[in-house]
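Novice: Below are the structure tokens for one structure; questions will follow.
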Amino acid sequence: MAKDAKCEQTPSPRASRSPSSLGSPQKVELKTERLTPIAELDIGDVRLQQINRILNRSRKIVVLTGAGISCNAGIPDFRSSSGLYELVKKQFPELPIMSGQEMFDISLFRDELKISVFATFMEKLYSSVQMAQPTKTHKFIAHLKNRNKLLRCYTQNIDGLEENLGLEMSNNETNDTTITAFNSRWKNFDVVQLHGDLNSLACTRCFHVFQWSRYWCRSFRRGELPTCPTCEEQNYKRFQQGKRQTGITGLLRPNIVLYGENHPSCEFIAQGLTLDVQRGKPDFLIIMGTSLKVDGVKRVVRQISKQVHERGGIVILVNKTSIGDSSWHGVIDYQIMRDCDEWVTYLEAQIPDFFKTQEQIDKLRQLRREASDLRKKALEEQKQNNLLTMIKTPPSTPVRKDQKQAQSFDGNLENVKKRLVTTSKSPCKRQKKLPDNEKISKRKPKYIHYTNSQLSQYIMKRHLLFKSEKLML
């Protein structure tokens with residue numbers, strides 16, 4: 001605990017790579033050299049804001065889930081204080097086991113008592129799964145698929161709740177050596193079940209897969225594993241043909257992978273994982289609801305994390321309990337220590353556009369495209385109208401230089417006439433003197449129009465008068 005407290009007090013280290021197009025005034029480097037815990041979903045946390053922006057623009061998201069995402073659906077996890085391991089010990093105290101994990105080990109088939117307890121417990125778990133509904137985290141994964149952002153979801157869960165939301169599951173797949181057939185099948189899978197599927201049964205001998213039935217549920221409830229119908233049919237055919245009876249009939253058990261057991265589709269999953277890492281180009285990895293204790297899952301995380309970091313993305317873990325950061329430095333960047341559904345609710349409030357359906361996004365794009373086309377059409381019509389207006393308006397008649405000079409001379413002559421007429425003493429008429437007691441009203445000057453000859457005579461007279469006055473002086 002002291003080590004965790006010390007880790008929370010120390011500031012997050014500087015990173016070696018940062019996203020280039022975040023557009024935030026307070027830009028932080030998200031790729032870290034050490035696993036950095038985030039305890040609270042604070043709206044003002046710059047790191048969370050940057051994580052949300054990178055998630056919003058990511059196109060190839062890989063999700064790895066554990067039992068923690070199904071806890072809110074009423075399905076217990078494995079390792080918590082109220083998980084399946086502790087539940088087995090409380091319900092069956094007579095079992096000589098050190099940990100509840102022993103009830104999920106392949107060695108249990110060596111003990112008749114453990115087989116009986118295993119059958120009873122699996123029937124109860126199957127009944128609770130049938131009553132469960134997908135949580136908000138499951139719907140978040142389905143939304144990523146709807147937005148074409150989900151590259152693949154790898155799950156450790158055996159409940160198969162993702163199938164209720166229309167996601168394509170990889171159950172009942174066998175190893176196939178044909179590359180073409182494999183590629184076509186793998187691309188159709190949305191969820192890859194790493195630990196099998198509780199919703200089906202498999203034979204311990206011939207590995208034939210069956211669906212649950214009421215008869216088999218009653219058999220499990222009594223603590224008995226039913227016999228395989230396919231094995232019984234084969235034995236009966238041998239008996240009819242007179243062949244020697246083998247005396248071996250398989251038992252039906254939940255189609256899940258136990259500890260110490262080889263996965264029947266391990267090569268198929270390994271080949272698909274290699275295809276996702278090399279050709280899928282993942283740019284964001286979200287790990288939710290798991291403490292990463294299984295060795296195979298650890299290898300999956302390291303493979304995908306390396307490719308994500310090479311493409312400039314980040315890796316986040318959403319889990320309430322700490323995973324111990326020493327072995328995950330440089331692999332996982334941030335651990336958000338909150339409930340998975342709570343984190344999804346936080347995302348809905350912070351980036352609401354991210355949770356719009358693909359139909360809504362397509363409709364908005366269509367409306368924007370139509371608005372852009374209307375603006376372009378309006379601009380083209382305006383250009384055409386301006387062009388027509390310029391064509392209809394005739395150009396002004398050009399004027400010759402001599403005509404311009406004559407017009408300017410006539411204009412100057414008219415100005416001279418006005419100045420001469422508006423003088424206080426008119427040469428033609430004398431102004432009448434009005435008595436002092438009468439008010440003199442302001443009158444507008446009367447314009448007298450002279451011909452050109454009269455004007456030239458008047459100018460000559462004034463000129464001669466001015467000369468004579470000068471001589472007299």
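Novice: Working only within the stretch 86-116, note down all residues that are without any contact (Cβ under 8 Å) to a residue 60 or more places away in the chain and loosely packed, with under 13 Cβ neighbours inside 10 Å.
Specialist: K90, P93, E94, P96, M98, R110, E112
Novice: For the stretch 353-368, does any single residue satisfy the condition of being under 19 Å from R34 (Cα atoms), part of a loop (DSSP other than H, G, I, E, B) and in contact (Cβ under 8 Å) with a residue 12 or more places away in the chain?
Specialist: Among the residues of the stretch 353-368, not one is under 19 Å from R34 (Cα atoms), part of a loop (DSSP other than H, G, I, E, B) and in contact (Cβ under 8 Å) with a residue 12 or more places away in the chain, which makes the answer no.
Novice: Which condition number in (1) of a type outside the set (D, E, K, R); (2) assigned to a loop (DSSP other than H, G, I, E, B); (3) closer than 19 Å to I323 by Cβ; (4) at pLDDT below 70 is the one that C7 fails?
Specialist: Of the numbered conditions (1) of a type outside the set (D, E, K, R); (2) assigned to a loop (DSSP other than H, G, I, E, B); (3) closer than 19 Å to I323 by Cβ; (4) at pLDDT below 70, the odd one out for C7 is (2).
Novice: Let me ask something additional. Quick check on V300: is it buried (at least 20 other Cβ atoms within 10 Å of the Cβ) and touching a helix residue (DSSP H, G or I) at 6+ places or on another chain (Cβ under 8 Å)?
Specialist: In short, yes.
Novice: Is at least one residue of the stretch 99-111 part of a helix (DSSP H, G or I) and within 37 Å of the chain's Cα centre (by Cα)?
Specialist: Taking every residue of the stretch 99-111 in turn, none turns out to be part of a helix (DSSP H, G or I) and within 37 Å of the chain's Cα centre (by Cα).
Novice: While we're on this one: May I ask you to verify whether I69 is part of a helix (DSSP H, G or I), of a type outside the set (S, T, N, Q) and touching a His at 6+ places or on another chain (Cβ under 7 Å)?
Specialist: Yes, satisfied.
Let's see how each residue does on (1) over 19 Å from the mean Cα position of the chain (by Cα); (2) surrounded by fewer than 22 Cβ atoms within 10 Å (Cβ to Cβ):
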| position | (1), (2) |
| --- | --- |
| I286 | no, no |
| G289 | yes, no |
| Q307 | yes, yes |
| L317 | no, no |
| E348 | no, yes |
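Novice: Does the stretch 166-175 contain any residue that is of a type outside the set (A, V, I, L, M) and part of a helix (DSSP H, G or I)?
Specialist: No, the stretch 166-175 contains no residue that is of a type outside the set (A, V, I, L, M) and part of a helix (DSSP H, G or I).
Novice: Does the stretch 29-53 hold any residues that are surrounded by fewer than 19 Cβ atoms within 10 Å (Cβ to Cβ), within 22 Å of the chain's Cα centre (by Cα) and not charged (D, E, K, R), and which are they?
Specialist: L41, I43, G44, V46, Q49, N52 - these are the residues of the stretch 29-53 that are surrounded by fewer than 19 Cβ atoms within 10 Å (Cβ to Cβ), within 22 Å of the chain's Cα centre (by Cα) and not charged (D, E, K, R).
Novice: Right, here's the next one. Any residue that is touching a Gly at 6+ places or on another chain (Cβ under 8 Å), closer than 30 Å to R152 by Cα and not in a helix (DSSP H, G or I) - is there at least one of those in the stretch 238-255?
Specialist: yes
Novice: Kindly establish whether T155 is polar (S, T, N, Q), touching a residue at least 24 places away in the same chain (Cβ under 8 Å) and either in contact with a strand residue (DSSP E or B) (Cβ under 7 Å, 6 or more places away or on another chain) or farther than 23 Å from G289 by Cα (or both). Reasoning before the result, please.
Specialist: On the way: polar (S, T, N, Q): yes; touching a residue at least 24 places away in the same chain (Cβ under 8 Å): yes; either in contact with a strand residue (DSSP E or B) (Cβ under 7 Å, 6 or more places away or on another chain) or farther than 23 Å from G289 by Cα (or both): yes.
Yes.
Novice: Going through the stretch 248-293 one residue at a time, which ones are modelled with pLDDT of 90 or more, of a type in the set (V, I, T) and within 28 Å of A119 (Cβ to Cβ)?
Specialist: I256, V257, I269, T290
Novice: Is it the case that the stretch 311-333 has a residue that's hydroxyl-bearing (S, T, Y) and in a helix (DSSP H, G or I)?
Specialist: yes
The values are calculated or read from the model by the stated rules, or taken from the named source; none is laboratory data. Just so it is clear, the structure is predicted and the values come from calculations on it, not from any experiment. Backbone-built Cβ (ideal geometry, glycine too); neighbour counts: all protein chains shown.
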